[in-house]
Every structure is written in C-alpha cells, then in structure tokens.
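The values are calculated or read from the model by the stated rules, or taken from the named source; none is laboratory data. Treat the numbers as computed from the prediction; the structure is a model and nothing was measured. With ideal geometry, Cβ positions are generated from the backbone for all residues, glycine too; neighbour counts draw on all protein chains shown.
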Amino acid sequence: MRDVRRQVVGGVRGNVLEVGAGTGANWEFLPPGVSYTGVEPDPHMRRRAAANAQARGGGFVLGEARAEALAFDDASFDSILATFVLCSVDDQPAALAEIFRVLRPGGEFHYVEHVRPDGMKGRVFDLLTPAWRLFAANCHPNRQTAQAIERAGFTTDGMRRTVLHGLPNIYGVAVRPR
Ligand SMILES: C[S@@+](CC[C@H](N)C(=O)[O-])C[C@H]1O[C@@H](n2cnc3c(N)ncnc32)[C@H](O)[C@@H]1O
C-alpha cells in the first residue's frame, strides 16, 4: 500500500489538488515544492486530518467539497490526486467530469482505486454491493473505474494493476489531452 502511494503521490507536480483527502494519508509522499490544495467532504475526516496536520507541524488545511462539485476555475491545476475515493463518490461520472474540468490540458490525474474483480467474483461483488456500501461509507466494490476514467476523456497509458488487501486495484497517471 505504502509503495503504491509513494509511486502515485510522488509524481505530482506544480499546483496540486487532492480530492477526498481523508486523514491526509498521502501528505508524507508529496514531493517538495508543490503547491497543495486538499478537499474532503466529511467533517470527521477533516478533524482527523487537522490533527494529522498539526502533528506534522502544520501546512495542510482541507477545504469542504465533494468531487462532484469542485469550486475551482477550469484548468486550475497541474496535477489532481485521488486515492480510494472514486469507489465512494455518489456520482462517479460527475466526479470525473469535474476532475477533468479543473485539470489543465496536459495535466495529470494521479489515482489508486480498487475495482470490480473479473469473472464470478465480480458477480458476487455486484450482489454484495448494496449492503457493502451501507456499512462501508458508500464504498462500491464493483465499480469499473478504469473504463470510467477513459470515458471521462483521459488517456490512461501505463495504467497498472495490483492486488491490495485482497481486492484488485488500478493505479497510475491519467492525462487530460491537450
Ligand atoms: C477510503 S477513504 C480514502 C481517503 C484518502 N484519500 C486515503 O487515500 O486515505 C474515501 C474518502 O473519500 C471521501 N469521499 C466520499 N465521498 C466523496 C465525494 N463525493 N467527494 C469527495 N470525497 C468523497 C470520504 O469522505 C473519504 O475521506
């Protein structure tokens, strides 16, 4: 997990937006010199993030926003970061459209997301999802997020796959074409 975070987060650059930043688990992997903005809709998560920021000596404050409604101008960011977030958003196409909109052409979307398994396991996850999301903060274990990122208009060359905590995951850097 830490190795995947390091790879994905360590490549962001310039003006960076993190969506669904949670408790700030990615902060330790940010490269030096970036200008960081983070948003997180859950007040409990923001409180835990504030404690984490304080323990780290400050420097991180999360705004309140959902990925589906980002209050930033078009093309505002060089990099956008979201890890384990697109499984939980209410409206995945709307969230990806917003990420695409606020990323500059040529900018990079850095992501790690667990995705629907193939085959029989995927069909089992389809059946489990209505109950799973109720007990797991709206997390959907059956989302086909790789396809959704491509449908949103990103290029996804070099998308990588791995298994984390028994679930198939995708990670990498998607690019908003120029
Ligand atoms: C599994 S946690 C991941 C947190 C963090 N990104 C990490 O990697 O540790 C999912 C996060 O997505 C946030 N989230 C849920 N719905 C969201 C939405 N519509 N827009 C943005 N973030 C959302 C949750 O509040 C939570 O902080």
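Taking the stretch 118-162 as the range and being among the hydrophobic types (A, V, I, L, M, F, W, C) and within 17 Å of the chain's Cα centre (by Cα) as the test, the residues that pass are A136, A137, C139, A146, A148, I149, A152, F154, M159.
Considering only the stretch 1-33, state which residues are of a type outside the set (K, R), away from the ligand (no atom under 11 Å from the Cβ) and surrounded by fewer than 16 Cβ atoms within 10 Å (Cβ to Cβ). Scanning the stretch 1-33 gives D3, G10, G11, G14, E28, P31, P32, G33.
Scanning the stretch 73-93 for residues that are surrounded by fewer than 16 Cβ atoms within 10 Å (Cβ to Cβ) and more than 9 Å from the ligand (Cβ to nearest atom) turns up D73, D74, A75, P93.
Restrict the check to the stretch 49-69 and report whether at least one residue is closer than 24 Å to I149 by Cβ, buried (at least 20 other Cβ atoms within 10 Å of the Cβ) and touching a residue at least 40 places away in the same chain (Cβ under 8 Å). For the stretch 49-69, residues closer than 24 Å to I149 by Cβ, buried (at least 20 other Cβ atoms within 10 Å of the Cβ) and touching a residue at least 40 places away in the same chain (Cβ under 8 Å): present. Close Cβ contacts (under 8 Å, 6 or more residues apart or on different chains) running from residues in the stretch 87-113 that are closer than 11 Å to A69 by Cα and assigned to a loop (DSSP other than H, G, I, E, B) to residues that are at pLDDT 95 or above and more than 10 Å from the ligand (Cβ to nearest atom) are absent. Within the set R178, R133, the sole residue that is surrounded by 14 or more Cβ atoms within 10 Å (Cβ to Cβ) and not aliphatic (A, V, I, L, M) turns out to be R133. A residue that is β-branched (V, I, T), touching a helix residue (DSSP H, G or I) at 6+ places or on another chain (Cβ under 9 Å), part of a helix (DSSP H, G or I) and in contact (Cβ under 8 Å) with a residue 40 or more places away in the chain occurs somewhere in the stretch 8-18. Counting only residues that are surrounded by 23 or more Cβ atoms within 10 Å (Cβ to Cβ) and within 11 Å of the ligand (Cβ to nearest atom), the stretch 94-112 holds 5 of them. Taken over the stretch 34-48, the residue count meeting the criterion of being exposed (fewer than 15 other Cβ atoms within 10 Å of the Cβ) and under 24 Å from D91 (Cα atoms) is 2.
Against the list (1) modelled with pLDDT under 95; (2) part of a loop (DSSP other than H, G, I, E, B); (3) within 15 Å of the ligand (Cβ to nearest atom), the condition A67 fails is (1).
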